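Sharing a structure below in structure tokens format, with a few things to ask.
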């Protein structure tokens, strides 16, 4: 029995959360140290797993399996492949940097970190779960504490509304998907919730066509697929910075990942039937999200809608059903996760100091927080798809995939052409924000604001470094992703 | 199937019940011997005694035999329910110790024990007459307990309401039972089951009996009593009625549907299914506007009964196991919620949901306990309510009840909304009194600690319990 890396990574935050809940509320520094230490520990382990993953063998590795509820055929079965591994790493990165930038939270930090870590635990488990029951358990676990994070530490004006809206939206989605998965469980008649077994179950094409849609769209709600995205900007804006980082950075990937793994992989024939239509929804995401982002006056809403737009690219990549498109989508999940975490971190830093996010009121912040400004600009370049950064590698492949898949339906090239409009709008809103917030005149009332803390700089540095490394040496990640995507493409009958 | 000879060994099959009687009598004697100033020790005595009986019941071998000429059967299902009743009783006793308005006298505790005895008989009965006796024993004890705070207004009022409604439904049920006797020429389950078929008169008899069961379960349309009674009754008794009494209702429902009315299966399946839908929907919808937390929990309990009815409709080994598992989770969950209500209303003197503002700041322990309980009711992991609901839903889908499960799933979302509103009060809303600490008395601390641990354990490690229940249920089929 090897060292159970994945379980240790997954449950480190849970153990930390329990410790934090037991701390008396006066021990704020202790709470922060526990949070930072445990998330750092998980990050180191995740890096270890990432670099020791055998790229030539591919498939699911670091597998652990223990009976859980044998009566219904559910086991604690975890493992990572080329798609989930980068996401697991992403989650650990975002959790650690999220803790660093939340150092200043003063209202019951032990609870804050505990609830944050419950989300992180749930997300970790979703990414490693190879059992549908475990997946559901983890999925709900990841969604719910977000309610508390937003409603207790969120932005006072909208938090009650946004927290409830987000929770109900995501719950409706997940529960619809749950019914679909239960239906599959009984249809397959294997008496098991095991992903690998169910993938081989060979349920009929008609069944797949009926149930693909609820499962895919049910999870798609969390991925922000239009028209089920409206919880997302509200939720992101109302959440505290670390909450937004985890939420937009990782939790939306949970939706996309689950839609891929449990929608597309388990219902491949359903996917082949429906995805050509779903791609039209994702097109709306890309174009509409970026257009709305362009006209926002609230700094944080710009980023919120940019997530809607970028997550549209992820789903679009899946919908191409081609090797290049799926590679791009999987990389985009990672790249967008890091980038948007960076964005929300910087937005939080600006807001915490200026106490406003109204873009026309801001300006010249490069003079106060040069490091944050540089980090934001790097993130912005990634967002625009600047060559040499991670976003470019991802987006190019998605568009390539669209062309590769032009035989699927006549509208694929049209989609590609229209989606490239989204890239232009993205450039417009990023440049607009950079110019209005960081450059221009610094108002007198902001002149005395302090720079960001050292911990903030460390967090931003880590996130920027990842974006640059992936851009400069894409094979660090693409050769992992490829091993995960290839079997799915085969499953979909493409090449 | 009549055995005319009386065999003393038959007493062994009802030893847990005999011990309950002995304990109740001992409590009364102990009460007389205790000076007025030390009456609280009667409660402690009862709680410890019941815990011992509970452990005994858990480990006493199941004979799986009919006793007393087929009056009752000591089987796995009966035993599982009996343990659930005793567990509820034990937790409620702990809550009662901390309920200030309660005059601590032996009668209260003895009546509580008799109520549990009645439920134990209900769960084991395989004879219509014994079933009726058990139900009346339970109900009459419960009327007394609900109205126990004689010097306040709401409690006796609730007691009278409960009594009137209960007596009425009981009369209807008794009439139904007499019809069954007329149709089948006997009162033993096995005898009735062989004869009773879906004739109009049999259906009428079935519906009348169902009225009596429905009262106990608080399913629509026999639910009207529950909000008023829940609100007026002493809080520990509200907890008791909401868990033990409901579980007893389900015990007889499960046993009677499968054991007494198998001939009417084509009639009762669609009927119970419809009742399930209406019960969960109405309960959830009416819970939303409630301002009083006990009334809210009353409607929530109605909705919870609706979920359990899915398992009843599905039936079979999987369905019944899911029902019992869910009831077990529900017992510890609802008791936790009422334990928090008990402490908070003792302290602040009100039961409005607004009083729960900033609860997590006033007592982090209570805040957390309330949150876990509400999340379990809502069905959020890692609480037991999640796994429990999943078992119920998958039993439903396994029997092809997809429409029913879809409605249940929609209801879960509605439920989440109002449960979260209370979590919001406790965690988000600030209050002027938030620096005032709410102390948690020792007995409630034990009850809450045990229940919360049980909720989480059942949620995370469901398998041992589920397997045990499944094997118990299997002996019944």
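Just so you know, all these numbers are worked out from the coordinates, no wet-lab data involved. These numbers come from a predicted model, not from an experiment. Glycine also receives a Cβ, built like all others from the backbone with ideal geometry; neighbour counts cover every protein chain displayed.
So how do A:13-19, A:429-435 stack up, highest first, on mean other-Cβ count within 10 Å?
A:13-19, A:429-435
For B:254, A:120, what's the fewest-to-most ordering of other Cβ within 10 Å of each Cβ?
Ordered from fewest to most neighbouring Cβ atoms within 10 Å, B:254, A:120 come out as B:254, A:120.
Also, quick follow-up: Across all directions of projection, what mean area in square nanometres is found for the Cα convex hull of the protein assembly as shown?
39.8
Hey, another quick one. Just the C-alpha atoms of region B:187-328: what Rg/Rh do they give, with Rh taken as the Kirkwood radius?
We get a ratio of 1.00 for region B:187-328.
Once you keep just the Cα pairs under 8 angstrom separated by 6 or more residues, what percentage relative contact order results for chain A?
Relative contact order of chain A: 16 percent.
Residues of region A:167-181 with backbone nitrogen within less than 16 Å of a virtual label 7 Å along the Cα-to-Cβ line of residue A:207, please, listed as ranges.
A:179-181
What is the mean number of Cβ atoms from other protein chains located within 10 Å of the Cβ atom of each residue in peptide B:457-469, rounded to a whole number?
2
So what are region B:308-416's ellipsoid semi-axes, whole angstrom, largest first, if each one is the square root of 5 times an eigenvalue of the alpha-carbon gyration tensor?
Over the Cα atoms of region B:308-416, the semi-axes work out to 32, 13, 11 Å.
Same structure again: Quick one: Kirkwood hydrodynamic radius for region B:56-214, alpha-carbon pairs, angstrom, one decimal?
17.3
Just grab the label-to-label distance for residue B:129 and residue A:451, each label 7 Å out from Cα along the Cβ direction, in nm (one decimal).
Computed distance between label sites residue B:129 and residue A:451 equals 9.3 nm.
If you don't mind, another one. Just counting partner chain Cβ atoms within 10 Å, what average do the residues of peptide B:146-159 show around their Cβ?
Averaged over the peptide's residues, the number is 0.
Just counting partner chain Cβ atoms within 10 Å, what average do the residues of peptide B:404-413 show around their Cβ?
Across the residues of B:404-413, the mean count of other-chain Cβ atoms within 10 Å is 3.
At 0.890 mPa s and 25 °C, plugging the Kirkwood radius over alpha-carbon pairs of region A:290-447 into Stokes-Einstein gives what diffusion coefficient in µm²/s?
Calculated translational D: 153 µm²/s.
Further question on the same structure: Report the gain in length on full extension from residue B:467 to residue B:433: 0.36 nm times residue separation, minus Cα-Cα distance, nm rounded to one decimal.
7.5 nm
To continue, here is another question. So how do A:384, B:168, B:222 line up by other beta-carbon neighbours within 10 Å, fewest first?
Fewest to most other Cβ atoms nearby, the residues stand as B:168, A:384, B:222.
Let me ask another. If you count, for each residue, the other Cβ atoms within 10 Å and average over each peptide, how do B:138-144, A:209-215 line up from highest to lowest?
B:138-144, A:209-215
Give the distance, in whole Å, between the Cα centre of region B:90-114 and the Cα centre of region A:214-276.
Region B:90-114 and region A:214-276 have Cα centres separated by 51 Å.
A follow-up question, please. In whole angstrom, note down how far apart the Cα centers of region A:23-75 and region B:403-435 are.
Centre-to-centre distance over Cα atoms comes out at 30 Å.
Let me ask something additional. Taking the Cα centroid of region A:278-330 and of region B:324-339, what is the distance between the two, rounded to the nearest whole Å?
44
Compare the peptides A:471-480, A:80-89 by average per-residue count of other Cβ atoms within 10 angstrom and give them in order, highest first.
A:80-89, A:471-480
Viscosity 0.890 mPa s, temperature 25 °C: what is the translational diffusion coefficient of region A:149-300 from Stokes-Einstein with a Kirkwood Rh over Cα pairs, rounded to a whole number of µm²/s?
149
Right, here's the next one. For the protein assembly as shown, what is the calculated [θ] at 222 nm in deg cm²/dmol (nearest 500), taking -39500 (n - 2.57) for each run of four or more DSSP H residues and dividing by its residue count?
Computed mean residue ellipticity for the protein assembly as shown: -24500 deg cm²/dmol.
Let me ask another. Based on the alpha carbons, how large is the Rg to Rh ratio for region A:360-493 when Rh follows Kirkwood?
Answer for region A:360-493: 1.11.
Now, a different point. Note the angle between two axes, namely the Cα long axis of helix B:364-378 and the longest principal axis of the Cα atoms of chain B, as a number of degrees from 0 to 90, rounded to the nearest 10.
It is inclined by approximately 30 degrees.
Same structure, new question: Can you put B:371, B:296, A:333 in order of Cβ neighbours within 10 angstrom, beginning with the fewest?
Lowest count first: B:371, B:296, A:333.
Taking the 0 to 90 degree range and rounding to the nearest ten, how far is the long axis of helix B:200-217 tilted relative to the main principal axis of chain B, both from C-alpha atoms?
For B:200-217 against chain B, the angle is about 30 degrees.
Angle between the Cα long axis of helix A:412-433 and the longest principal axis of chain A, 0 to 90 degrees, nearest 10?
The two axes meet at around 20 degrees.
State the Kirkwood hydrodynamic radius of chain B in Å, one decimal place, computed from all pairs of distinct Cα atoms.
22.2
Divide, for chain A, the radius of gyration over alpha carbons by 2.2 N^0.38 Å, where N is the residue count.
0.91
Then there's this: Based on the Kirkwood radius over alpha-carbon pairs, what value in µm²/s does the Stokes-Einstein equation return for the translational diffusion coefficient of region A:231-302 at 37 °C and 0.692 mPa s?
234
Another question, if that's okay. With all pairs of different alpha carbon atoms counted, what Kirkwood hydrodynamic radius in Å does region A:377-447 show?
One over the average 1/r among Cα pairs gives 14.0 Å for region A:377-447.
Same structure again: Quick one: give the max-minus-min coordinate of the C-alpha atoms of region A:322-399 along each principal axis, largest first, in Å.
The Cα atoms of region A:322-399 stretch 46, 20, 19 Å along the principal axes, largest first.
A further question on this structure: Within the P(r) computed for region B:267-477, what percentage of the Cα pairs occupies the region above 28 Å?
Counting pairs separated by more than 28 Å, the tail of P(r) holds 29 percent.
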